[in-house]
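To start, the structure itself, in C-alpha cells.
None of the figures in this text is laboratory data; all of them are computed from the coordinates on show. Since the structure is predicted, the reported quantities are computational estimates derived from the model, not experimental observations. Glycine gets a Cβ as well: all are built from the backbone with ideal geometry, and neighbour counts include every protein chain shown.
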Amino acid sequence: MLILECPCCGVRGEETEFHGGGEAHIKRSGPGSSDEAFHDYLFAKENPRGVHFERWRHVYGCGKWFHAARCTQTLEVFGTYSAQTTEPPQDIKDKISARRPGWTWREFA
Amino acid sequence: MSEAQSALRGTWHKGLVTVAEAGLQGMITLRGQTGEAGFADAVKQATGLDLPDTRTIVAADKRAIAWMSPDEWLLMCPYEDAHDMVAGLRAALAGRHHLVENVSDARAMFTLDGDDATLREVLAKLAPVDLHPERFGPGEMRRTRFAQVPGAFWLTAPGAARVVCFRSVAQYMYDLLCVASSEGSAVGYFKP
Ligand SMILES: [Zn+2]
C-alpha cells in the first residue's frame, strides 16, 4: 500500500484517497517546437524501477495538486512537496541521496 | 413556492449504531483567501464564527464552519437561514476575492449515534482513515471517500458522528452506512 502525505492539508492518507497525475516536472513543447520535441513531450515518459517523481492530486480530500518523490520498486515515499515548483526542492533531493546514493532522474541528481 | 424535501426524508435504521438522514440542513460553500487581511474578520462579522484551523470544525449555537481545503469552508446553519446567511456573507465580503453559494439542496447529511468504539468501526469499514481514538477525535473534520463516493465526516461527541455527501449519492451512502452497521457485523477492533 502506498501512503502519501498531502503537503497542502497535512493528511497522511492511503493511495485510494489520491489520484495519480503522471510524471512530474514535464517541460511543455508546443507550437514552434520540432516534431520530435513535441512527440517526446507527449509520449516519452520516464518509467524507472526506483526513484521517480510524480504529480498527485488529493482528490477525495482537499482537492489540491502536489508532487511526490517515491521509489517505484519499494513504494517508499521520500517526500511530498508543493506543486508550485519546476524541480524537486533540495531537502527532498537530500532525502533521496541518503536512501539511494547516486540516484539520477532526467536532469536531476 | 414548492416545499423543500431532504434527499431521504429522514429515513433511519438501527443496527450496531443508529444511522439517520438528518433532514434539511443549511449548507453554504465559502471560498476565499485566508491570508488576505480582513477576510476572517468579515466572515466572523457575517456568521459570528471564527474560521477553523486546518482539518477542524468549529460549532456554536446552531451554526458551524468546517475546513474543506486551504481556501474552502463549509458553513452550516438552519436550512431556512441559509438564504439570508449567503446575503450577509456576500455583503461582508464585497470587494474581496471570494465565492459564496447556498449548496443546501446539493448535499445530504447523516447522523450516526451509538457506542463510540462501534461507531468508529462503522466509519473505518468505509473510509481509509485511522479512527483510533488517539488519532481522530471530536472537532476534527475529515474529507475522504466512503467506498466509491466522496464524503466528509466529523465527531460531534464521543459516539456521535455526522457524514455529508452529495445529494445525488445519498441513497448509496445510506445503504453503505446501514450495511457497515448491520447486526452481526461487529469486529470489535476499537474495543479497549
Ligand atoms: Zn490535501
Which residues, counting only those in region A:52-106, are surrounded by 20 or more Cβ atoms within 10 Å (Cβ to Cβ) and within 14 Å of another protein chain (Cβ to nearest Cβ)? A:H58, A:Y60, A:G61, A:C62, A:F66
Looking only at region B:136-152, how many residues end up being touching a Leu at 6+ places or on another chain (Cβ under 7 Å), in contact (Cβ under 8 Å) with a residue 24 or more places away in the chain and either more than 12 Å from chain A (Cβ to nearest Cβ) or aliphatic (A, V, I, L, M) (or both)? 1
If a residue must be in a strand (DSSP E or B) and of a type outside the set (A, V, I, L, M), how many such residues does region B:90-108 contain? 4
Candidate set: region B:116-128, residues that are touching a helix residue (DSSP H, G or I) at 6+ places or on another chain (Cβ under 7 Å) and within 13 Å of chain A (Cβ to nearest Cβ); chosen: the one surrounded by the fewest Cβ atoms within 10 Å (Cβ to Cβ): B:P128
Hits in region B:29-45 (condition: in contact with a strand residue (DSSP E or B) (Cβ under 7 Å, 6 or more places away or on another chain) and either within 14 Å of chain A (Cβ to nearest Cβ) or part of a strand (DSSP E or B) (or both)): B:T29, B:L30, B:R31, B:G32
Filtering region A:52-66 for residues that are out of contact with any Phe, Trp or Tyr (no Cβ under 8 Å at 6 or more places or on another chain), within 8 Å of the ligand (Cβ to nearest atom) and over 21 Å from B:L74 (Cα atoms) leaves a count of 0
Across region B:1-38, what is the number of residues that are among the small types (G, A, S) and under 18 Å from the mean Cα position of the chain (by Cα)? 7
Go through the residues of region A:29-47 one by one and say whether even a single one is more than 14 Å from A:L2 (Cβ to Cβ), touching a helix residue (DSSP H, G or I) at 6+ places or on another chain (Cβ under 6 Å), without any contact (Cβ under 8 Å) to a residue 40 or more places away in the chain and surrounded by fewer than 18 Cβ atoms within 10 Å (Cβ to Cβ). yes
Quick check on B:T111: is it within 16 Å of the ligand (Cβ to nearest atom), under 24 Å from B:R145 (Cβ atoms), within 17 Å of the chain's Cα centre (by Cα) and not in a helix (DSSP H, G or I)? no
Looking at region A:71-103, which of its residues are free of Cβ contacts under 8 Å to residues at least 12 places away in the same chain, more than 19 Å from A:L2 (Cα to Cα) and assigned to a loop (DSSP other than H, G, I, E, B)? A:Q84, A:P89, A:P101, A:G102
Log entry, pairs with first residue in region B:63-83 being within 23 Å of A:C8 (Cα to Cα), second being in a strand (DSSP E or B) and among the hydroxyl-bearing types (S, T, Y), beta carbons closer than 7 Å, six or more apart or on different chains, reads B:W67/B:T56; B:E72/B:T29; B:L74/B:T29
Of B:G151, B:G139, which residue is at positive phi and either over 13 Å from the mean Cα position of the chain (by Cα) or not aliphatic (A, V, I, L, M) (or both)? B:G139
